[in-house]
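So the structure is just underneath, and the comments pick up after that.
The values are calculated or read from the model by the stated rules, or taken from the named source; none is laboratory data. Just so it is clear, the model here is predicted, and its values are computed rather than measured. In this analysis, Cβ positions are derived from the backbone assuming ideal geometry, glycine residues included, and neighbour counts consider all displayed protein chains.
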Amino acid sequence: MKVGYYQFNPVFGDVARNLETVTKKLSSVRCDLIVLPELFASGYQFVSKDEVAALAEPVPDGPTTKRLCEVARERSMHIVAGLPERDGSRYYNSAVVVGPKGVIGCYRKTHLFFEETQFFTPGDSGFQVWDIGAAKIGVMVCFDWFYPESSRTLALKGADIVCHPSNLVLPHCPDSMVTRCLENHVFSITANRIGSEKRGGKKKLTYIGTSEIVNPRGKILHRAPENREKLAIVDIDPKEARDKSLNPYNDLLRDRRTALYQA
Ligand code: ACM
């Protein structure tokens, strides 16, 4: 199975241009699954709820999801991508999962980071796993990584690959995903963005790039540079994620002592 990510520098508010950048880039790519950054078509640093309202889109009928479906159909691939979702009067920091036959699912970010808490409603979708044929994939968005329960839940639900659209600003995630993969025996694909945003007099946010793909043994299969655009595709065997044994005596998920984990 060929999986990858596209790390680039979205332009705030220019959905058409960001969609064009992604469409062009993917037009020559052959892979089964590609992960794009969090809020890849809208940009990240909202300064008002009105901006969120103007850029948020319904799923599955919004223009970003529709365009992603066209690309997925044309390229026979699956795409996981972050976008601001509108549902009635609520806005979610979501990620859609689309494939050649259309929309497969939508995950709403559970753990909102920093000023996202001012603009978005905490996600209510829960952590979900979808079978895309070649693998079972789960989705978490950026800061969800800080909560080990996110990837653990996805692993318990059978995910082979944790797809992780991100707009990382803190330095710790790329190294930490090694542990997330090791402790759950899953693959991860973290798709981060590059560049910076400093909007409406707010603190400058500099995105750390460093997108990466990690295997179930905690090996980094690919890590992107900090500040350059990068499309990376690697070959993986999702079956590697299905054996949770460490040795004849230890099995990661079977050996959990859940009765002792209650606070
Ligand atoms: C983040 O959750 N975008 C850091």
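Some points to look at:
- Only residues that are in a helix (DSSP H, G or I) and under 17 Å from the mean Cα position of the chain (by Cα) were counted across the range 57-68, and they come to 3.
- Residue ID - farthest from A56 (Cα to Cα), chosen from residues in the range 124-149 that are within 16 Å of the ligand (Cβ to nearest atom) and surrounded by 22 or more Cβ atoms within 10 Å (Cβ to Cβ): W145
- Exactly one residue out of V178, V97 is away from the ligand (no atom under 16 Å from the Cβ), in contact with a strand residue (DSSP E or B) (Cβ under 9 Å, 6 or more places away or on another chain), at pLDDT 95 or above and not in a strand (DSSP E or B), and it is V178.
- Which listed residue is part of a loop (DSSP other than H, G, I, E, B) and farther than 24 Å from Y207 by Cβ, from G158, G105: G158
- Applying the condition of being within 12 Å of the ligand (Cβ to nearest atom) and assigned to a helix (DSSP H, G or I) to the range 108-118 and asking which residue is nearest to the chain's Cα centre (by Cα) yields E116.
- Across the range 102-155, the number of residues qualifying as in contact with a Pro (Cβ under 6 Å, 6 or more places away or on another chain), under 15 Å from E38 (Cβ atoms) and of a type outside the set (V, I, T) comes to 1.
- Qualifying position, being free of Cβ contacts under 8 Å to residues at least 40 places away in the same chain, under 18 Å from K25 (Cα atoms) and within 16 Å of the chain's Cα centre (by Cα), among G105, G99, G82: G99
- Flag for V80 being hydrophobic (A, V, I, L, M, F, W, C), assigned to a strand (DSSP E or B) and within 16 Å of the ligand (Cβ to nearest atom): yes
- Matching entry among T153, T190 (being at negative phi, assigned to a strand (DSSP E or B) and either surrounded by 24 or more Cβ atoms within 10 Å (Cβ to Cβ) or more than 15 Å from the ligand (Cβ to nearest atom) (or both)): T190
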